[in-house]
Amino acid sequence: MAEHPAYPVGLRLFGRRVVVLGGGQVAQRRLPALIAAGADIVLVSPEATPSVEAMADAGEITWEKRPYADGDLAAAWYALIATSDPEANSRASAEAERHRVWCVRSDDADLATAWTPATGTSAGVTVAVLTTDARGRDPRHTAAIRDAVVEGLRDGTLVAPHHRTRTPGVALVGGGPGDPDLITVRGRRLLAEADVVIADRLGPRDLLAELPSHVEVIDAAKIPYGRYMAQEAINNALIEHAKQGKSVVRLKGGDPFVFGRGMEEVQALAEAGIACTVVPGISSSISVPGAAGIPVTHRGVAHEFTVVSGHVAPDDERSLVDWPSLAKLTGTLVILMGVDKIGKIAETLVAHGKSPETPVALVQEGTTAAQRRVDATLATVAGTVRAEDVKPPAVIVIGEVVNVGPEPAA
């Protein structure tokens, strides 16, 4: 038998009796997958690890607190032999052979009738890896291969095209602050599977270059119909492509629901009867300050942080921000989309009690290769922005946390 490779097969164990002999570390590792498969599991062992005991307490397995006895495997479909008694393992293995029960042995794989592959799952796909040469089995090698394949499926670097009809729909994906490595694993996988991508200019643009040539990429900033119709045009484009049976990804910068108008798109899709999956993203309000060495909270310095949109000035009648109350807070104030309004914002905060010497940091193009940090105070920030030619996108941090980290680079 050792000269022949194992024949790979997937066992369907739902409702079928599986016997596990031994309640140690091997059982602890193998039981969760058997439980997930819906097997009727009987554990035979005088003792068990705390984790295995917890599975029994939760009713996930039946635990018979005794050593193995002849006849335990008679009605089993599958057996895992993992006791510390070699003699008991041999007797159990012989019983499995008599009853034609597929049997895995943790102590001697060559005497087993089945092997457990290194397995992993991603997006409904189970990856199982077995070494074909029985004489050269290396569990670490098979595990490394499994990890590489699963990671490729999860991050989208390993993609197999779908040949069956897929349910049309839209995924609203938060792309993070700009660095392509900071998109979520799920977001990257959905992006790799898309037929159409409608992207914001603040999304991780480097990921678009990795898409296959058949993927249609639409620049949301250049969708026609005029400036004030832009959001409606984006909504219409999402609906139109989804109704054509395509898999559509709406790639947005940061998180879709943090000043991203994501809910407007979700509502439009719902009204059109189109399924939408929302994939949260890493918000620039936290990640960009962190990338620049600024914690938005710090023990003994700031116990709160507030994120505010600065796209309209404090004296604009459209503003929904209570700036006088913000001026009284002692925590950190993070302002997004406020570069061109920062002078008026600083003036308003000082007028309502904030110290003019309050530290301010502006982080431009955060997490990208072009990132730079400019420091100022509320009294000097307006002039500093002009002198340093700070441009959007930039995250503005106001508060004592600006001075907590290492000295900013000159």
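Considering only alpha-carbon pairs that sit under 8 angstrom and 6 or more positions apart, the relative contact order computed for the range 38-159 is 15 percent.
To the nearest 10 degrees, how steeply does helix 25-36 sit against the main Cα axis of the chain, on a 0 to 90 scale? Helix 25-36 sits roughly 70 degrees off the main axis of the chain. In a simple Cβ point-charge model (Lys, Arg +1; Asp, Glu -1; nothing else charged), the range 185-284 has a dipole of about 140 debye relative to its Cα centre. Neighbours of Glu365, meaning other residues whose beta-carbon lies under 11 angstrom from its beta-carbon, give a summed charge of +2 when Lys and Arg score +1 and Asp and Glu score -1. Highest GNM mean-square fluctuation, the chain, Cα pairs closer than 10 Å: which of Gly59, Gly178, Gly353? Comparing Gly59, Gly178, Gly353 in a Gaussian network model of the chain, the most mobile one is Gly59.
Considering only alpha-carbon pairs that sit under 8 angstrom and 6 or more positions apart, the relative contact order computed for the range 169-279 is 43 percent.
When only the Cβ of Lys, Arg, Asp and Glu is charged (+1, +1, -1, -1), the dipole of the chain relative to its Cα centre reaches about 640 debye. State whether the range 17-116 is rounded, prolate or oblate according to the following rule on the C-alpha gyration tensor (a ≥ b ≥ c being the square roots of its eigenvalues): a/c under 1.5 gives rounded; otherwise a/b larger than b/c gives prolate, and the remaining case gives oblate. Cα axes put the range 17-116 in the prolate bin. For Asn403 and Ala230, the difference between the fully extended length at 0.36 nm per residue and the C-alpha to C-alpha distance is 58.3 nm.
Karplus-derived 3J(HN,Hα) values for the range 324-338, using 6.51 cos²θ - 1.76 cosθ + 1.60 with θ = phi - 60°, are x, 5, 4, 5, 8, 6, 9, x, 9, 10, 10, 10, 9, 6, x Hz; glycine and proline are entered as x. For the range 266-382, the antiparallel share of DSSP beta bridges with both residues in that region comes to about 60%. Highest mean packing first, where packing is the average number of other Cβ atoms within 10 Å per residue, the peptides 109-119, 15-25 line up as 15-25, 109-119.
In a simple Cβ point-charge model (Lys, Arg +1; Asp, Glu -1; nothing else charged), the range 17-116 has a dipole of about 220 debye relative to its Cα centre.
Helix 342-351 sits at what angle to the longest principal axis of the chain, using alpha carbons and giving 0 to 90 degrees rounded to 10? So the inclination is approximately 80 degrees. Close amide H pairs (under 5 Å, H built 1.01 Å from N) link Ala39 with Gly15, residues at least 5 positions away or on another chain. Multiplying the residue separation of Asp85 and Asp315 by 0.36 nm and subtracting their alpha-carbon distance yields 74.8 nm. Restricting attention to the chain, close to 35% of DSSP beta bridges with both partner residues there are antiparallel.
Packing order of peptides 85-98, 138-151, 250-263, highest average first: 250-263, 85-98, 138-151 (average count of other Cβ atoms within 10 Å over each peptide's residues). Protection proxy ranking, highest mean first, for peptides 100-108, 184-192: 184-192, 100-108, where packing is the per-residue count of other beta-carbon atoms within 10 Å, averaged. Extension gain, Arg98 to Thr330: 0.36 nm times the residue separation minus the Cα-Cα distance gives 76.0 nm.
Laboratory data are not the source of any read-out in this text; all were calculated from the coordinates shown. Treat the numbers as computed from the prediction; the structure is a model and nothing was measured. With ideal geometry, Cβ positions are generated from the backbone for all residues, glycine too; neighbour counts draw on all protein chains shown.
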